[in-house]
Each structure stands twice: as structure tokens, then as C-alpha cells.
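Just so you know, all these numbers are worked out from the coordinates, no wet-lab data involved. Quick caveat: nothing in here was measured; it's all calculated off a predicted structure. Quick reminder, even Gly has a Cβ in these numbers, built from the backbone with ideal geometry, and neighbours come from all protein chains shown.
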Amino acid sequence: MCTYCGCGEPDSHDHHHHGHHSHEHASDENTRHIKIEMDILSRNNAFAAANRDYFEQQGILALNLVSSPGSGKTTLLIKTIESLGLPVAVIEGDQQTSLDAERIRQTGVPVQQINTGKGCHLDAHMVGHSVEALAPAAPGVLFIENVGNLVCPAAFDLGEAHKVVILSVTEGEDKPLKYPDMFHASDLMIINKTDLLPHVDFDVSRCIEYARRINPDIEVLQLSATTGDGLDGWLGWIREQAADTVETSQQAAG
């Protein structure tokens, strides 16, 4: 259950309170909801910490890919797997179906599907179980393709090294201002589908300015997963992060 958006939550509107009685319970109800949210995030953060420890010990670079539906995450992921040249495993998150996981599986890399049902995001406990089933190669790269949603995944740490937010030029340059939590939580923004720029009304420089207004330290890459234009910059970024992860793991091991 996600108390931020109500996904998976039983219908709370079946019980109607009227007049003074409703006001008496409003404060208690708000307090209860805040406590539930804090408990959920606290439990999630504990699982995330365990995941992060495991990834760091094994030298696994875990990347949490987040975006709206239709941003081109899966296409980008497939092109990345085909060109990266590093051991890769994938956790694929969707509310329903395993269609994207099947596309990933055709590349030959191990993939674990998580269907969240009414849930709108992955959480660290789900990821931990999937990692046990996947047994990803170490060292290597674990891509976590989150459920398409720019709201709730921002609040849920999965134990990843970096959140990578993917924004396609068909969505509008104002997304960082509309969904600030996601862009604040992300270390890298990928502007995807740049091959469509001649055909859409999208101001790249304004989008970058908006993103850095929210998060001054966010890195930005522009690419087209379809044509491969700009893909080398993304692959280089991953390889650099993966090398740093391995070095840190080796230093910790002594």
C-alpha cells in the first residue's frame, strides 16, 4: 500500500461522517496517516540499506531507472545491454504483464519480473527478493526498471547507487517543475527521443534549466535510443560508475 497516492489501499470513502463528529476525528485520522507513511518509509529504508550493503560488497552498480510511461525506458535499456560490454542483470517493474521483461530476455541477460498489481512503484523489499532469485553477476550492473510513474518512486529508496530519470521530448520541458521530488532525487536526467526534436515543441535548454533549478547537481545527457545518437555518452557514464563501484568494493574488502 502506498499512502502517498492510495494505490492498493482499501476504499476509505465507504464510511461517511457528518457534521461535528467528522471534525472530531479529522486530526486523529491525519495523525494516523502520517504515522503509517513514516512506518512504511522506515521499513523500506531498512531493506534499502541491506540491498545497498550487498551491492557495495559485491561490486554491483545498481541503477534505478524512473520515468513516465512511454519515455522509452525499455528501448533504451535494450540498446544499452547490447552495447555496454559488461555483465548485466535486470529487474523489470510493471503493474501488469511481462511484456517488457520478455523483450529484455531476448537480449540473453537474466531478468526478473515484478508485477505490483495496484501498486505504483517498486520497493526495496521487492528488489531484495528479486536479487536473491537473479543472483546477478558480480561485479556487474543491475538495472532496475521502475514502474512508469514520476511521483511515488521518488520517495522509495531501493538501495540503488543512482536514480536515473528519463524524460522524452514528447512529454514537455516543464516536467521537472511539475514533479520536483523525482528530479531532486535523481543524479542523472536523460533527455530521450532527441530524433523527434524537429517535430515537437520542446525547449531543451529550458528543460535543463528547470531541472537544475530543482537540483543544481543533476547531470544531463541527451540521446535517441532509437537512432543511437548520443548513446556513447550514456554508456561511458555507466562504465565510469561501474569502475568506481568495483574500486570501492575492493578497497572495502582490504
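What are the residue pairs meeting all of these: first residue in the stretch 224-245, first residue within 18 Å of residue 71 (Cβ to Cβ), second residue surrounded by fewer than 18 Cβ atoms within 10 Å (Cβ to Cβ) and of a type in the set (D, E, K, R), Cβ atoms under 7 Å, and 6 or more apart or on different chains?
Filtered contacts from the stretch 224-245: 224/195; 226/195; 227/195; 229/195.
Check the stretch 227-248 and report whether any residue there is farther than 30 Å from residue 87 by Cβ and either crowded, with 19+ Cβ neighbours inside 10 Å or under 18 Å from the mean Cα position of the chain (by Cα) (or both).
Looking through the stretch 227-248, none of the residues is farther than 30 Å from residue 87 by Cβ and either crowded, with 19+ Cβ neighbours inside 10 Å or under 18 Å from the mean Cα position of the chain (by Cα) (or both).
Restricting to the stretch 149-199, count the residues that are small (Gly, Ala, Ser), under 30 Å from residue 129 (Cα atoms) and touching a residue at least 60 places away in the same chain (Cβ under 8 Å). Walk me through it before giving the result.
Of all residues in the stretch 149-199, those small (Gly, Ala, Ser) come to 154-155, 159, 161, 168, 172, 185-186.
This time we only want the ones that are under 30 Å from residue 129 (Cα atoms), so: 154-155, 159, 161, 185-186.
Applying the additional criterion that residues be touching a residue at least 60 places away in the same chain (Cβ under 8 Å) yields 154-155, 159, 161, 186.
The qualifying residues number 5.
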